[in-house]
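Read through the structure below, which is laid out as structure tokens, and then see the notes.
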Amino acid sequence: MKIDAVTIFPDYFAPLQLSLLGKAQERGIVEFGIHDLRDFTTDNHHSVDDTPYGGGAGMVMKPEIWGAALDTLMTPQTDLIILTPAGRRFDQRMAESFAGSTHMVFACGRYEGIDARVGEYYASKNFRVHEVSIGDYVLGGGEVASLVMIEAITRLLPGVLGNPDSLVEESHATDGFLEYPNYTKPPTWREIPVPEILRSGNHAAIATWRSDEAAKRAHK
Ligand code: 6GU
């Protein structure tokens, strides 16, 4: 999978080099391209935003600059993600669906967002455009939201996780059940014992206990 991100703060994406994602990149499973939106400005001040039509507070990101940047990246295979708190809510099902994409472009808006014609234009040219939010709160921009989505999506790609069993267990967990609580050694820590049943060796009883505990945690 190729993943491009367009942003005025490329440094936000430094964590992509770490941990699971850094390894996935070394293995050639995923390739990241981080692009500075200001490289596509043509004025002396490299300005990316302007005042909103209709008035109101804040600034809106200019469509010509986004168009110039995205024109260099979009292909018929691209899923263009426009990060906005007004978008469709990202969840595990959406992550699974995007894990089948071959090329994703994350357009990270700042200020009051990107001129609405940018999404409208690429959708009208039959590109796949998705306006996405990661939850009901307002962030300063789409960069952190992109990182959240990229981590959730890329860990689903074959070969990224060391132990694919965790994906199988998790898919049950996300059918509406959160996972059961986990314990490791020591058997008692600060006077709190590990539930006896987990040390019983009775695998059927353990499975039942875990499923009951997971159900208790399911509040969806
Ligand atoms: Cl995608 N962007 C911003 N700015 N805030 C958000 C968000 C996105 N998702 C939740 N809050």
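Taking springs between alpha-carbon atoms closer than 10 angstrom, which of 65, 197, 153 fluctuates most in the Gaussian network model of the chain?
Answer for the Gaussian network model of the chain: 197.
From largest accessible area down, sort 71, 50, 115; use a 1.4 Å probe on the protein chains.
Ranked list, largest accessible area first: 71, 50, 115.
Normalise the Cα radius of gyration of segment 1-125 by 2.2 N^0.38 Å (N = residues in it) and let me know the number.
On the way: Rg = 15.4 Å, N = 125, 2.2 N^0.38 = 13.8 Å.
It is 1.12.
Cut-off under 27 Å on the C-alpha distance; same-chain residues fewer than 8 positions from residue 185 excluded. Which lysines are left, in chain and number order?
Straight-line reach from residue 185, under 27 Å: 216.
If the cut-off is 16 Å between C-alpha atoms, which aspartates and glutamates fall inside it for residue 23, apart from same-chain ones fewer than 8 positions away?
31, 151
In Å², and per residue, what accessible area does the chain have when probed at 1.4 Å with the other protein chains present?
Working: 13180 Å² over 220 residues.
That works out to 60 Å² for each residue.
State the extension gain, in nm to one decimal, for the chain segment bounded by residue 197 and residue 50, taking 0.36 nm per residue of separation less the distance between their alpha-carbons.
That works out to 46.7 nm of additional length.
Among the aspartates and glutamates, which have Cα under 18 Å from the Cα of residue 125 when same-chain residues fewer than 8 positions away are ignored?
Correct list for residue 125: 64, 71, 79, 115.
Based on DSSP H runs of at least 4 residues, each adding -39500 (n - 2.57), what is the mean residue ellipticity at 222 nm of the chain after dividing by all its residues, to the nearest 500 deg cm²/dmol? Kindly include the intermediate steps, with their values, before the conclusion.
Details: 7 runs with 69 residues, N = 220.
So the helix-based figure for the chain works out to -9000 deg cm²/dmol.
By accessible area of protein heavy atoms, probe 1.4 Å, what ranking do 155, 199, 210 get, highest first?
Final ranking, largest accessible area leading: 199, 210, 155.
Working from Cα positions, state the angle (0 to 90°, nearest 10) between the long axis of helix 142-154 and the longest principal axis of the chain.
Orientation of helix 142-154: about 50 degrees from the principal axis.
Determine how many Å³ per residue the convex hull of the Cα atoms of segment 1-72 encloses.
Convex hull volume per residue, Cα atoms: 121 Å³.
Would you kindly calculate the translational diffusion coefficient of segment 97-220, applying Stokes-Einstein with the Kirkwood radius from alpha carbon pairs, for 25 °C and a viscosity of 0.890 mPa s, and quote it in µm² s⁻¹ without decimals?
Reported coefficient: 132 µm²/s.
For helix 203-217, report the angle its Cα long axis makes with the longest principal axis of the Cα atoms of the chain; keep it between 0 and 90° and round to the nearest 10°.
With rounding to tens, the tilt is 40 degrees.
What span do the alpha-carbon atoms of segment 116-165 cover on each of the three principal axes, reported in whole Å from largest to smallest?
Principal-axis extents of segment 116-165 (Cα, largest first): 43, 29, 15 Å.
Ordering 64, 191 by how much accessible area each has at a 1.4 Å probe, largest first, what is the list?
I get 191, 64, largest accessible area first.
Distance in nm between label sites at residue 138 and residue 116, each 7 Å beyond Cα in the beta-carbon direction?
1.7
Can you give me the % of accessible surface on segment 101-220 that is carbon or sulfur? Probe 1.4 Å, all protein chains present, nothing else counted.
54
From largest to smallest, what semi-axes in whole angstrom does segment 83-145 give when each is the square root of 5 times an eigenvalue of its alpha carbon gyration tensor? Spell out each step's value before the answer.
Numbers: eigenvalues 65, 59, 18 Å².
Here the semi-axes work out to 18, 17, 10 Å.
R0 = 25 Å: FRET efficiency of residue 36 with residue 75, Cβ-based, nearest 0.05? Each step should come with its number before you reach the end.
Numbers: r = 21 Å, r/R0 = 0.82.
So the FRET efficiency works out to roughly 0.75.
Pick out which of 193, 158, 52 has the largest mean-square fluctuation in a Gaussian network model of the chain, springs linking Cα atoms closer than 10 Å.
Looking only at 193, 158, 52, the biggest GNM fluctuation is shown by 193.
Would you work out the relative contact order for segment 1-76, in percent, from Cα pairs under 8 angstrom that are 6 or more residues apart?
About 29 percent, as a whole number.
Provide the FRET efficiency to the nearest 0.05 for the residue 9-residue 217 pair, computing r from the beta carbons and using R0 = 35 Å.
Here the calculated transfer efficiency is 0.45.
Give me the compactness ratio for the chain, meaning the Cα radius of gyration over 2.2 N^0.38 Å.
Expressed relative to 2.2 N^0.38 Å, the Cα Rg reads 1.27.
So how much slack lies between residue 151 and residue 126, counting 0.36 nm per residue of separation and subtracting their Cα-Cα distance, in nm?
Length gained, residue 151 through residue 126: 6.3 nm.
The values are calculated or read from the model by the stated rules, or taken from the named source; none is laboratory data. Please read all numbers here as calculations on a predicted model, not as lab measurements. Cβ: placed from backbone, ideal geometry, glycine included. Neighbour counts: every protein chain shown. In case anyone asks, the SASA skips ligands and DNA or RNA and just uses the protein heavy atoms, side chains included. Shrake-Rupley method; radii C 1.70, N 1.55, O 1.52, S 1.80 Å.
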